[in-house]
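Here the structure is laid out as structure tokens; the discussion comes afterwards.
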Amino acid sequence: MQIGLLVFPRVTQLDLTGPVQVFSSLPDAELHLVWKRIEPVQSDSVITLAPTVAFADCPQLDVICVPGGYGTDELLVDKEVLEFLRKQEPKAKFITSVCTGSLVLGAAGLLKGYRAATHWTAIEALPYFGASVSRDRVCIDRNRVTGGGVTAGIDFALTLVSLLKDRAAAEMIQLRLEYNPAPPFEAGSPDTAPAAIVAAMKERVASAHTNRMEFVKKAAVT
């Protein structure tokens, strides 16, 4: 089984590394970190990531996953990235994403007519690409499986394992990882976080949100 995850500048590393940790427990899966070239890529944190295969050498993937991060803004209008996804899509078993990676799938035309999830700050972008918004932590619509923001990547990956294999396989991986979340605060969603915290976060990301929507609008008309 060939599983490929896109890696790119300013990717949110947990969007990528959470699913990678889950998929690495599949004994018959070969994982690829895919980018234009084989050279180190700086994530949105101190962590640098190393692609394992370039677009030109990537095998046909059974699973394509696009993680999120502020680096997705530029990918929305990156013809090389979008063409790679379009080329892989027809023979792939699952087209997937975590966080704002779903916007990249949308820009490639791969979410038109599908329900999809994304980070809560980016949900208004999905309709620009013909997708309907899901507020589920993991959204399954036919062979499109999309996760919400950042930490939802682990839930997404376990869900996908249950589809690729079965529930028992997913539960064994969950147990191996001791994935038993018990967050210290009820602030992980705008639906449960204190109003003042939600307002402060919206103010903090306002400039980045405006920038993202400019890219979304450009991508939607190309």
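Just so you know, all these numbers are worked out from the coordinates, no wet-lab data involved. The model shown is predicted, which means the values in this text are computed figures rather than measured ones. A quick note on method: Cβ atoms are made from the backbone with ideal geometry, for glycine too, and the neighbour counts reach across all protein chains shown.
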Which residues qualify? For E30, with a placed amide H closer than 5 Å and at least 5 residues away or on another chain, they are Q2, I3
Dividing the mean separation of Cα pairs under 8 Å (6+ apart) by the residue count of the chain yields a relative contact order in percent of 18
With the label point 7 Å along the Cα-to-beta-carbon line of A168 and a cut-off under 12 Å to each amide N, the hits in region 14-32 are none
With the charge dipole of the chain built from beta-carbon charges (+1 for Lys and Arg, -1 for Asp and Glu) about the Cα centre, the Cα from F55, L103, T222 projecting farthest to the positive end belongs to T222
In debye to the nearest 20, the charge dipole size for region 2-220, taken about the Cα centre with +1 at each Lys and Arg Cβ and -1 at each Asp and Glu Cβ, equals 500
The set of residues whose placed amide H lies less than 5 Å from the amide H of G109, leaving out same-chain residues fewer than 5 positions away, is none
Simple SL model, points at 7 angstrom along Cα→Cβ for D44 and A196; separation in nm is 2.6
Calc'd 3J(HN,Hα), region 109-116, phi into Karplus 6.51 cos²θ - 1.76 cosθ + 1.60 (θ = phi - 60°), Hz, glycine/Pro = x, comes to x, 9, 10, 5, x, 10, 7, 8
Inter-part gap, Cα centre of region 24-78 to Cα centre of region 145-222, in whole angstrom, is 18
Footprinting proxy, D57, D28: sorted fewest to most Cβ within 10 Å, the residues are D28, D57
In region 144-222, the GluC sites (Glu not before Pro) that sit in a DSSP loop and have at most 12 other Cβ atoms within 10 Å of their own Cβ are E178, E186
Neighbours of P9 by Cβ distance under 13 Å: Lys/Arg at +1, Asp/Glu at -1, summed charge -2
Calc'd 3J(HN,Hα), region 39-46, phi into Karplus 6.51 cos²θ - 1.76 cosθ + 1.60 (θ = phi - 60°), Hz, glycine/Pro = x, comes to 7, x, 10, 7, 6, 7, 10, 6
Going residue by residue through region 148-162, the Karplus relation 6.51 cos²θ - 1.76 cosθ + 1.60 with θ = phi - 60° gives ³J(HN,Hα) values, rounded to whole Hz and with x marking Gly or Pro, of x, x, 6, 5, 5, x, 6, 4, 4, 5, 5, 4, 5, 4, 5
FRET efficiency (D141, N211; Cβ distance; R0 22 Å; to 0.05) is 0.20
With Rh as the Kirkwood radius over Cα pairs, region 2-220 has Rg/Rh of 0.94
With I123 itself left out, Lys, Arg at +1 and Asp, Glu at -1 over residues whose Cβ is under 14 Å from its Cβ give +2
Taking the chain and counting helices only, DSSP H stretches of n ≥ 4 at -39,500 (n - 2.57) each over all residues, the nearest-500 ellipticity at 222 nm comes to -10500 deg cm²/dmol
Once both label points are put 7 Å beyond Cα along the C-beta direction, the R204-R86 separation in nm becomes 3.8
Surrounding charge for L163, neighbours by C-beta under 12 angstrom, Lys/Arg +1, Asp/Glu -1, total +3
A chain fully extended from T222 to I123 at 0.36 nm per residue, minus the present Cα-Cα distance, gains in nm 33.6 nm
Which residues qualify? For R115, with a placed amide H closer than 5 Å and at least 5 residues away or on another chain, they are S132
